[in-house]
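Reviewing the structure listed below.
The values are calculated or read from the model by the stated rules, or taken from the named source; none is laboratory data. The structure presented is a predicted model; accordingly, all values stated were derived computationally and were not measured. Cβ: placed from backbone, ideal geometry, glycine included. Neighbour counts: every protein chain shown. To get the accessible areas, we keep the full protein, side chains included, count just its heavy atoms, and leave off ligands, DNA and RNA. Shrake-Rupley method; radii C 1.70, N 1.55, O 1.52, S 1.80 Å.
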Amino acid sequence: MRSVIAYATLAAVVALATPAAAQIDHAERLRVLGLAGYGRNDAAPAFSTVMADGRRLSLSALRGKVVLLTFWATWCPPCRDEMSVFERLHRDLGTSGLVVVGVNAREDPEPIIDYARANGLSFALAVDPDGKVGAAYGVVALPTTFVIARDGRAVARGVGARAWGSDSARSLFRALLAEDD
Amino acid sequence: MTTIRRREAIKLLGGAVVAAATVGVVDKAAALELGKPAPDFTLPSASSETISLKQYRGQKIVLVEFFGSASAPTCMSNVKVRGADTQKFADLNVQIIAISSDSPFALKTYADSVKIQFPLLSDQGLQTIRRYEVLAPDNVRALRAFFLIDEQGMLRKQWLLGLAGDDVVFASAPIIAAVQELKTKR
């Protein structure tokens with residue numbers, strides 16, 4: 001009987017402690033990556049646009065996925081540095097539910113397609129010819145990148161380049177991928 | 001980090017700050033009556049606070065800066081000028097507040113980008129923008145405008161830039177001079 005009570009107590013303690021511990025880990029990951037966090041009720045702004053290859057793309061269609069949304073341009077040197085990192089994440093974690101989306105700032109589809117081909121990019125590249133998607137997210141500097149959870153809530157933002165391929169970043173993505181929708 | 005349309009913004013800054021500081025066209029006839037209570041507001045900020053004009057009453061002079069959009073280069077340049085001069089205003093006991101119709105989400109990103117130290121408030125419902133009579137003809141954003149409000153909440157000075165040209169970046173000097181004049185009159 002004593003062992004049953006001890007087990008039940010331990011289970012209760014673990015159940016109570018796990019969310020708080022997860023939050024601490026989460027905050028620590030954001031701190032290490034230099035990312036700003038959002039509140040639990042901050043939804044990522046909805047958007048619908050087209051990709052450089054003409055297919056439609058909307059954030060709502062990505063519900064259930066963890067989305068790494070980066071705003072970039074082919075003329076932006078720090079953005080170019082990050083694109084190969086995003087490609088690796090797409091290839092490594094895509095099948096687990098991470099979707100990488102690059103929203104290009106006001107360029108035509110042709111240079112985006114040329115850049116993707118030249119650099120072997122296979123993740124989703126969207127166009128934003130009138131800047132509406134960027135405006136909804138308040139983007140005025142490139143690169144600016146957002147992390148969005150499976151349930152559509154905004155998790156983090158980084159204005160400027162970040163270590164997206166680091167262990168801390170991958171740990172963040174894995175934690176978010178482990179969440180329920 | 002690369003600012004979008006940086007070349008355009010630099011061009012605007014280079015020519016327009018000086019022009020705005022020296023041309024008198026920006027100090028137009030009052031849309032709101034000077035010497036009367038400034039319209040109060042309570043709005044969400046980029047830092048997830050709720051800020052009211054009245055919370056500064058009896059404590060600080062308030063400069064309310066309306067800007068059209070966080071994504072517009074000229075608006076960004078205007079807010080950045082106040083950001084660079086924040087300490088000058090603080091030394092005169094002036095609290096700067098900037099208001100636009102952008103969402104709180106957009107303003108959070110914008111605040112990170114421009115690295116300013118004063119509150120950015122979201123007026124998506126346009127109520128405050130309407131009460132200050134600075135709604136742009138497109139009915140979705142504010143005209144660029146500045147309102148100087150004393151410690152008692154009275155409107156003392158206003159500058160309406162909305163029709164002064166899309167490329168006008170307003171320097172802080174005329175506002176600081178008005179603050180000093182306000183203090184001298186007491």
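The table for this structure:
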{"read-out": "Enumeration of residues in region A:104-131 that are aliphatic (A, V, I, L, M) and either within 17 Å of A:Leu89 (Cβ to Cβ) or buried (at least 19 other Cβ atoms within 10 Å of the Cβ) (or both)", "value": "A:Ala105, A:Ile112, A:Ala116, A:Leu121, A:Ala124, A:Leu125, A:Ala126, A:Val127"}
{"read-out": "Within region A:135-153, tally of residues that are closer than 18 Å to B:Tyr110 by Cβ and either part of a helix (DSSP H, G or I) or more than 14 Å from chain B (Cβ to nearest Cβ) (or both)", "value": "2"}
{"read-out": "Residue identified as over 13 Å from the mean Cα position of the chain (by Cα) and not in a loop (DSSP other than H, G, I, E, B) among A:Ala161, A:Ala116, A:Ala169, A:Ala156", "value": "A:Ala116"}
{"read-out": "Region B:106-140, residues that are within 14 Å of another protein chain (Cβ to nearest Cβ) and open to solvent by less than 20 Å² (accessible area, probe 1.4 Å)", "value": "B:Ala106, B:Leu107, B:Lys108, B:Thr109, B:Tyr110, B:Ser113, B:Val114, B:Leu120, B:Leu121, B:Ser122"}
{"read-out": "Pair list, Cβ < 7 Å and 6+ apart or interchain, from region A:77-96 residues that are free of Cβ contacts under 8 Å to residues at least 40 places away in the same chain to residues that are open to solvent by 60 Å² or more (accessible area, probe 1.4 Å)", "value": "A:Met83/A:Asn119; A:Ser84/A:Asn119; A:Glu87/A:Ser122; A:His90/A:Ser122"}
{"read-out": "Within region A:4-61, tally of residues that are open to solvent by 40 Å² or more (accessible area, probe 1.4 Å), among the polar types (S, T, N, Q) and modelled with pLDDT of 95 or more", "value": "2"}
{"read-out": "Qualifying residue in region A:78-88 (condition: modelled with pLDDT of 95 or more and part of a loop (DSSP other than H, G, I, E, B))", "value": "no"}
{"read-out": "Residues that are within 14 Å of another protein chain (Cβ to nearest Cβ) and among the hydrophobic types (A, V, I, L, M, F, W, C), drawn from region A:34-56", "value": "A:Leu35, A:Ala36, A:Ala43, A:Ala44, A:Ala46, A:Phe47"}
{"read-out": "Which listed residue is more than 18 Å from the chain's Cα centre (by Cα) and surrounded by 24 or more Cβ atoms within 10 Å (Cβ to Cβ), from A:Val100, A:Val140", "value": "A:Val140"}
{"read-out": "Segments classed as helices (runs of 4 or more DSSP H), wholly inside region B:72-186, with at least 3 members that are polar (S, T, N, Q)", "value": "B:73-84"}
{"read-out": "Evaluation of B:Ser172 against (1) over 13 Å from B:Cys75 (Cβ atoms); (2) within 14 Å of another protein chain (Cβ to nearest Cβ) (one fails), failing number", "value": "(2)"}
{"read-out": "Whichever residue in region A:97-113 is in contact (Cβ under 8 Å) with a residue 24 or more places away in the chain and either assigned to a helix (DSSP H, G or I) or of a type in the set (Gly, Ala, Ser) (or both) and, among such residues, is nearest to A:Leu176 (Cα to Cα)", "value": "A:Gly97"}
{"read-out": "Flag if B:Lys88 is surrounded by fewer than 18 Cβ atoms within 10 Å (Cβ to Cβ), within 14 Å of chain A (Cβ to nearest Cβ) and farther than 17 Å from A:Gly134 by Cβ", "value": "no"}
{"read-out": "Options B:Val169, B:Val79: the member that is out of contact with any strand residue (DSSP E or B) (no Cβ under 6 Å at 6 or more places or on another chain) and farther than 21 Å from B:Lys54 by Cα", "value": "B:Val169"}
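Per-residue answers, yes or no, for (1) surrounded by 23 or more Cβ atoms within 10 Å (Cβ to Cβ); (2) within 14 Å of chain B (Cβ to nearest Cβ); (3) closer than 23 Å to B:Ala72 by Cα:
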position: A:Gly64; (1), (2), (3): no, no, no
position: A:Trp72; (1), (2), (3): yes, yes, yes
position: A:Asp81; (1), (2), (3): no, yes, no
position: A:Trp164; (1), (2), (3): yes, no, no
position: A:Asp167; (1), (2), (3): no, no, no
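Listed here are the residues, each with its yes/no results for (1) modelled with pLDDT of 80 or more; (2) surrounded by fewer than 21 Cβ atoms within 10 Å (Cβ to Cβ); (3) away from every other protein chain (no Cβ under 11 Å).
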position	(1), (2), (3)
B:Ala21	no, yes, yes
B:Ile51	yes, yes, yes
B:Ser69	yes, no, no
B:Asp102	yes, no, no
